[in-house]
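Right, one structure below, let's go through it.
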Amino acid sequence: MAATIDQAVASSLLRTMFLIRTFEEKVSEMYAKVEIAGLLHLSIGQEAVAAAIGSLLRREDAMYSGHRAHGHALAKGADPGRLLAEIAGKAAGYCGGKGGSMHLSAPEVSFMTATGVVGGTIPLALGSALAFKERGEGNVAVVFFGDGAMNGGSFSESLNIAGLWKLPVIFVCENNGYAEFTPISAHTLVERASDHATLFHIPAVTVDGNDLLAVREAAEPAISRGRSGEGPSLVECLTYRLRGHYEGDPNKYRELSEMAEWKAKDPILRFAAWAKKQKLVNAKQAEGLEAEVRELITQAEHFARTGPASSPDAVATQVYA
Amino acid sequence: MNFLQSITKALREEMQQDPNIYMLGEDVAVGGPYGATRGLAEEFGENRVINTPIAEGTVVGLAIGAALQGLRPVVEIMFVDFITLAMDQLVNHAAKLRYMSGGQLRVPLTIRTACGVSGAWGAHHSQSLEAWLAHVPGLKVVMPSSAADAEGLLRAAIRDDNPVVFVEHRALYYQTDELASDSFELGRAQVRRPGQDVTVIATGRMVRVALEAAEELAESGIEAEVIDPRTLQPLDLETLARSVRKTTRAVIVHEAVVPGGIGAEIAAQLQAAAFDYLDAPIERVGAPFAPVPASPSLEAAYVPNKTSVVAAVKKISKKA
């Protein structure tokens, strides 16, 4: 798999993961200081999935996400300052503060929308895919969801239609083992999203979601199939969130040993170590990337912190087009 | 041309002039249960007139995504009773994406759906749920009562850049038009019969019932002004209030159950806009607070009719 990645791509992937991690650490810090309000779901520990998929997409490819969406939007190219301002409820945010963390939308980079309803955006991705199929430009739609969405009707119904109509959609399940506070085993006997997809005759693969290269290797042919009119695919990424379900989650439903085990599998450390070993990114370059990202996030924080809050005058505007 | 043929005409002509219009729904490629989409798949191809599995929630969600991507989908939900299955997508995404995105997104989506009691089809094929929909910021709700409006308002709905639910009463499908309209703009009420003694505001099929009641009332010397709001969201309060200021009395008639019905909202808005002019409490006529029954004898007892409208008018009329 190493053969497919050159130095520029390796640097870019590492940078995206640094960006997501640093951004979300900043979100967490600002939340702790009560500079951000609301219900925040961080993807710390799951960055490889967003970075790998995002790196394979064109600007025109549509992306949809669920409630844990910050990393996806960043991987699609959304501006960190406007994202952070949105999460902080500021007028300069992408949505003028009307969306917030769970309803991010950055259509300028085709990050269409995220949702607070588990599984809710899966059907929407099919709609973008239908439009792409009709236009024949080879664009694809990607939707991220968690294992909690596997047991809802919109997932099964969407697999059925996507397969039947050969829609260019890539279902990306971030299977982090827990739906909110409950392990997957308490919700279903079918613990693999790929098993659902196979039932509907959709090519599917389950990979180690903390191995960026494995995710990329699985997603590349899936996206190619979508672009060439061969229909949908599903990529299931087994991963783990190193934070709680939401910021402030006391996390009592997980063993410390389990968390320590996954911390050792941190996707950023793993990829950085591999890239160094392959002589794709040396230590100095990695430090440089990290420093550049930190500066970017400092600027984003400044932008989010200093801008005005959303004006009360806007409370009932933009309801209709 | 009847109501149903007018629907087909609007769909066909809109599809002819805008290649972004796509039709989706159960059986639409074979014409649908009443033939509203008959001939469209042959004319425009089955890639634009798409039969979907029976999965209302996902089909509406898919249409939302297609709308975000620049298409203008028209979804047929065979019975409004089944819109319950799509309420999540309709309420949480179609209605809210414009707002939640701070005006970045638009959802030009039309949902056509059949409502109302007709033919003893029972509790799952006969409901009137429009008040739920009108309660959701971001949705528009249209209830045509005539063939002319079926065509004109459907065109307006399809051309609107917002999600519009277009609620068609099944019992009107074979109605041949004799009611004319001044405009086909969403949010404009239509005076169906002028009168000076009482304002009767009626929606959907109840417009016909109200007009019959008005004829009977005229025989007793009561001239009712019958107004059809036509769109419940946005609501043309000005036209309704202007009439009530003139007549000083109002009766609101809908087929939906009375508690929490659109009549409650209209009454509240009217009393705020015309309180000083009212000479009697605003009366509401609708179905009893019960599901729609199946038996023809129960069904007849369920739906408001000429007699119940006449009685309501007389109750608040000085000439009673």
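The values are calculated or read from the model by the stated rules, or taken from the named source; none is laboratory data. Everything quoted here is computed from the prediction, not taken from an experiment. Please note: Cβ atoms are built from the backbone with ideal geometry, for glycine as well, and neighbour counts cover all protein chains shown.
State all residues of region A:114-152 that are among the polar types (S, T, N, Q), more than 26 Å from A:Gly177 (Cβ to Cβ) and buried (at least 24 other Cβ atoms within 10 Å of the Cβ); if no residue qualifies, say none.
Quick first cut of region A:114-152, residues among the polar types (S, T, N, Q) only: A:115, A:121, A:128, A:139, A:151.
Still in the running and more than 26 Å from A:Gly177 (Cβ to Cβ): A:128, A:139.
Residue satisfying the conditions is A:Ser128 alone.
Condition test on B:Pro33, is it within 16 Å of B:Arg170 (Cβ to Cβ) and either at pLDDT 95 or above or of a type outside the set (Gly, Ala, Ser) (or both)? Spell out the reasoning first.
On the way: within 16 Å of B:Arg170 (Cβ to Cβ): yes; either at pLDDT 95 or above or of a type outside the set (Gly, Ala, Ser) (or both): yes.
Taking the combined requirement at face value, the residue satisfies it.
Scanning region B:101-130 for residues that are within 14 Å of chain A (Cβ to nearest Cβ) and of a type outside the set (A, V, I, L, M) yields B:Ser101, B:Gly102, B:Gly103, B:Gln104, B:Arg106, B:Pro108, B:Thr110. Under 25 Å from A:Ala131 (Cβ atoms) and of a type in the set (Asp, Glu), is that true of A:Glu180? No.
Where the second residue is β-branched (Val, Ile, Thr) and buried (at least 24 other Cβ atoms within 10 Å of the Cβ) and the first is within 10 Å of chain B (Cβ to nearest Cβ) and within 15 Å of A:Pro308 (Cβ to Cβ) and lies in region A:78-98, which pairs have Cβ atoms under 9 Å and are six or more apart or on separate chains? Going by the 9 Å Cβ cut-off, the qualifying pairs are A:Gly93/A:Ile87. Listed conditions (1) crowded, with 23+ Cβ neighbours inside 10 Å; (2) over 12 Å from the mean Cα position of the chain (by Cα); (3) touching a residue at least 24 places away in the same chain (Cβ under 8 Å) are all met by A:Ser12, apart from (1).
Yes/no matrix, rows are residues, columns are (1) assigned to a helix (DSSP H, G or I); (2) closer than 27 Å to B:Trp121 by Cα:
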| site | (1), (2) |
| --- | --- |
| B:Glu225 | no, no |
| B:Thr239 | yes, no |
| B:Ala256 | no, yes |
| B:Pro259 | no, yes |
| B:Ile266 | yes, no |
| B:Ala274 | yes, no |
| B:Pro281 | no, no |
| B:Leu298 | yes, yes |
| B:Ala312 | yes, no |
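Tell me yes or no: at least one residue of region B:47-67 is within 11 Å of another protein chain (Cβ to nearest Cβ), closer than 22 Å to A:Gly152 by Cα, surrounded by 20 or more Cβ atoms within 10 Å (Cβ to Cβ) and of a type in the set (Ser, Thr, Tyr). Even if it seems obvious, please write down each step before you answer.
Taking region B:47-67 first, the residues within 11 Å of another protein chain (Cβ to nearest Cβ) are B:47-48, B:50-67.
Cutting the leftovers down to closer than 22 Å to A:Gly152 by Cα gives us B:52-66.
Then drop every residue that is not surrounded by 20 or more Cβ atoms within 10 Å (Cβ to Cβ), which leaves B:52, B:55-66.
Subset that is of a type in the set (Ser, Thr, Tyr): B:52, B:58.
For region B:47-67, residues within 11 Å of another protein chain (Cβ to nearest Cβ), closer than 22 Å to A:Gly152 by Cα, surrounded by 20 or more Cβ atoms within 10 Å (Cβ to Cβ) and of a type in the set (Ser, Thr, Tyr): present.
Within region A:217-233, the residues that satisfy the criterion of being among the hydrophobic types (A, V, I, L, M, F, W, C) and either within 15 Å of A:Ala51 (Cα to Cα) or touching a His at 6+ places or on another chain (Cβ under 8 Å) (or both) are A:Ala218, A:Ala219, A:Ile223.
Output yes when any residue across region A:123-134 is part of a helix (DSSP H, G or I), of a type in the set (Asp, Glu) and facing another protein chain (nearest Cβ under 7 Å), and no when none is. Please lay out each step first, then the result.
The first filter runs over region A:123-134 and keeps only residues part of a helix (DSSP H, G or I), leaving A:123-134.
With the extra rule that they be of a type in the set (Asp, Glu), the set shrinks to A:134.
When the remaining residues are screened for being facing another protein chain (nearest Cβ under 7 Å), the result is A:134.
Yes, region A:123-134 contains a residue that is part of a helix (DSSP H, G or I), of a type in the set (Asp, Glu) and facing another protein chain (nearest Cβ under 7 Å).
Taken across region B:154-177, residues that are more than 22 Å from B:Gln5 (Cα to Cα), part of a loop (DSSP other than H, G, I, E, B) and of a type in the set (S, T, N, Q) do occur, with at least one present. Of all residues being among the charged types (D, E, K, R) and crowded, with 20+ Cβ neighbours inside 10 Å in region A:16-35, which is farthest from A:Ile53 (Cα to Cα)? Just the residue, please. Result: A:Lys26.
Listed by first and then second residue, the pairs with beta-carbon distance under 9 Å, at least 6 apart or on different chains, first residue in region B:77-100 and at the interface with chain A (Cβ under 7 Å from one of its Cβ atoms), second buried (at least 21 other Cβ atoms within 10 Å of the Cβ) and of a type in the set (Lys, Arg), are B:Tyr99/A:Lys98; B:Met100/A:Lys98. Here A:Arg82 passes the criteria (1) in contact with a helix residue (DSSP H, G or I) (Cβ under 7 Å, 6 or more places away or on another chain); (2) under 23 Å from A:Phe18 (Cα atoms) except the one numbered (1).
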